[in-house]
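Scroll down for the structure; my scribbles are underneath it.
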Amino acid sequence: MKYWNETYECMKRSDLERIQLERLQATVNHVYKNVPFYRTKMQQAGLSPADIRTLDDLEKLPFTTKQDLRDNYPFGLFAVPQSEVVRIHASSGTTGKPIVVGYTKKDIDAWSELTARCLVAAGADRNSVVQISYGYGLFTGGLGLHYGVERLGATVVPMSAGNTKKQLMLMKDFGTTLLACTPSYALYLAEEMEHSGIRPEDLRLRYGIFGAEPWTEGMRRKIEERLGIRATDIYGLSEVMGPGVSIECEQQDGLHIFEDHFIPEIIDPSTGARQDYGTTGELVFTSLTKEAFPVIRYRTRDLTNLNNKPCACGRTHVRMNRIMGRSDDMLIIRGVNVFPTQVESVLTRYSDVEPQYLLVVDRIGNLDVLEVQIEMSQKLFSDEVRRIEEVRRKIGSDLESVLGLGVNLKLVEPKSIERSQGKAKRVIDNRKYD
Amino acid sequence: MVKQLSVFLENSKGRLAHMTRILSDAGVDLLALSIADTTDFGILRAIVTDLDKAVEVLKAEAYTVAVSEVLAVMVPDKPGGLADVLRIMNDADIGVEYLYSFVRKPEESALILFKVDDIQRAMDAMQHNGLRMVEQEELLKI
């Protein structure tokens, strides 16, 4: 089985764009009529639904931000009466109130269709046994994929997250062929397998769908090697739908965005200007088929770029690259956009462990200065000053060529850069903005 | 040849005190030491009474440490003593990365620690010129 829905996944671009325009116009009409927030914003911009005549007219519409979603807690942005809403999900929201999203029966139907497409792209078919180790509940991960497996007609094992011993037992006894969880949990499972003496050959596991957190190509190789599977990257966010907004195909070269349901854009996070294919910026989504919780130009804060080159898999939908970071981490120093992930990509070359670093920006006189602090590691250290200085110069010049900016490199002691729970703090901006 | 401990230290107040306290709490004595410093970091090099223990306790406290090999040479304690040894190294085309001296003195000699670019050739050159070198176990007895 190559595609779940060949008609839509491999549709000619001109036909796809015609459908997109019809659906975009319907969505704009729908929110203008039913969501005061969107109507007011459009009116303030001097726009009415009739102004959306081409796909390019989307650019005229105002952005929607995470803050807008928070401000309308809980149901302010719902576009249908509550009697039409059959399910609620909510984001985990680290601070304050969560972001609440709703689905009509038709929304759940579309979501199931898209996760079924994802499962097939990742290698599943009707005979698959799919173990879902994403959390079930308000989080969209578990239930989102669950409905896709049922739609596909495969067997779903709704294991949910945690209880690693039982995960492994069921995997073995039920003959699980596809595992769905976060990539870090996949690695953890692989370790636990090794500890309990289970070899990949003892399992029927062949495929994995991993997402809900950023991961790297290196992590993919590790998972594939240790579990003996093909690991597929899935992307989604509850504000837009949940998992299944985009999926990798067997080419493992970017994630196809289901453009018959969403229009992606890349913008410059500081100016909001639309960017060309290939340029890295913030990913923005407009939903095309959602009834209960449509979004217009929702700023994801995820950084990536789009690739419209034809893909060998036959799907015609554009591909997005792996998420490279978050736009809220972006720094503008002397007019240059700097992302902590760029620094990380250089430092990983010099380290066999996860590099620990911190970007400190100061304004000295009228000049912005970037200091990069790196924790000394066993690999960088030497008893000779000369050798340490040599490594420092090399890292410094690599950073300069990647960032396009001079940096002061400071070597600091291990564990001296503050670790926070969960997300690491990578940036301190001491500049005063007034 | 003698095994030396090196520790990475940030140039900030109290770091050296903190590090030496960890060693003393573990009962490790410093027999010789030198510090190389730059504007923002320093490297402490030392010969210690219990190298394995020192590495273990420092690593546990998240210090970056390395172990390298140096030569401990008995240099006659008289004017020109060191100059003669350095001339021998130079004649044998051996590069000296750094050197420092042992605190305690055996007999009429100073004990100097040399980090060189070719330790085997340096040992040969010392032997050839009748200079005595001290090994790890012997150091503890001085």
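For the protein assembly as shown, the mean residue ellipticity at 222 nm estimated from helices alone is -9500 deg cm²/dmol, where every DSSP H run of n ≥ 4 contributes -39500 (n - 2.57) and the total is divided by all residues, rounded to the nearest 500.
For segment B:2-68, carbon and sulfur atoms together expose 48% of the accessible surface, with a 1.4 angstrom probe and every protein chain in place. Ligands, DNA and RNA excluded, the heavy atoms of B:Val67 present near 70 Å² of accessible surface to a 1.4 Å solvent probe. Residue order by solvent-accessible surface for B:His18, A:His256, A:His146 is B:His18, A:His146, A:His256, largest first, with ligands and nucleic acids left out and a 1.4 Å probe. For segment A:235-286 versus segment B:1-29, the inter-centroid distance based on Cα atoms is 52 Å. Contact residues in segment B:82-103 by the 10 Å² criterion (accessible area, 1.4 Å probe, full protein complex versus chain alone): B:Glu97, B:Tyr98. Here the protein assembly as shown carries DSSP beta bridges of which approximately 75% are antiparallel, counting only pairs with both residues inside. Estimated at the nearest 10 Å², the accessible area of A:Ser397 is 60 Å² with a 1.4 Å probe. To the nearest Å, what is the center-to-center distance of segment A:140-196 and segment B:47-67, using C-alpha atoms only? After rounding, the separation between the Cα centres reads 43 Å.
Of the GluC sites (Glu not before Pro) found in segment B:96-132, the ones in coil according to DSSP and having at most 16 other Cβ atoms within 10 Å of their Cβ are B:Glu107, B:Glu108. The contact residues of segment B:37-75, meaning those that lose at least 50 Å² of 1.4 Å-probe accessible area when all protein chains sit together rather than their chain alone, are B:Asp40, B:Phe41, B:Ile43, B:Ala62, B:Thr64.
Using modelled amide H (1.01 Å from N, peptide plane; none on Pro or chain starts), what sits under 5 Å from the amide H of A:Gly135, excluding residues fewer than 5 places away? Long-range HN contacts for A:Gly135: A:Gly142, A:Ala161.
In this simple spin-label model, placing a label point 7 Å from the Cα along the Cα-to-Cβ direction at both B:Arg132 and A:Lys33 gives a separation of 10.3 nm. Model label points for A:Asn408 and B:Arg87, set 7 angstrom from Cα along the Cα-to-Cβ axis, are 4.7 nm apart.
Over chain B, Cα pairs under 8 Å with separation of 6+ residues give a relative contact order of 27 percent. Solvent-accessible surface of the protein assembly as shown, taken per residue with a 1.4 Å probe and all protein chains present: 46 Å².
Provide the buried accessible surface between chains A and B in square angstrom, both chains summed, 1.4 Å probe, rounded to the nearest 100.
Adding both sides of the contact gives about 1700 Å².
The share of accessible area on chain A that comes from carbon and sulfur is 49 percent, using a 1.4 angstrom probe.
Among rounded, prolate and oblate, which fits chain A when a ≥ b ≥ c are the square roots of the eigenvalues of its C-alpha gyration tensor, a/c under 1.5 means rounded, and a/b larger than b/c means prolate? Oblate. Multiplying the residue separation of A:Leu55 and A:Thr279 by 0.36 nm and removing their Cα-Cα distance gives an extension gain of 78.6 nm. Contact residues in segment A:357-395 (at least 10 Å² less accessible area with all protein chains than alone, 1.4 Å probe): A:Met376, A:Gln378, A:Phe381, A:Asp383, A:Glu384, A:Val385, A:Arg386, A:Ile388, A:Glu389, A:Arg392.
The values are calculated or read from the model by the stated rules, or taken from the named source; none is laboratory data. None of the values given here were measured: they were computed from a predicted structure. Glycine also receives a Cβ, built like all others from the backbone with ideal geometry; neighbour counts cover every protein chain displayed. Just the protein is used for accessible areas: all its heavy atoms, side chains included, with ligands, DNA and RNA removed. Shrake-Rupley method; radii C 1.70, N 1.55, O 1.52, S 1.80 Å.
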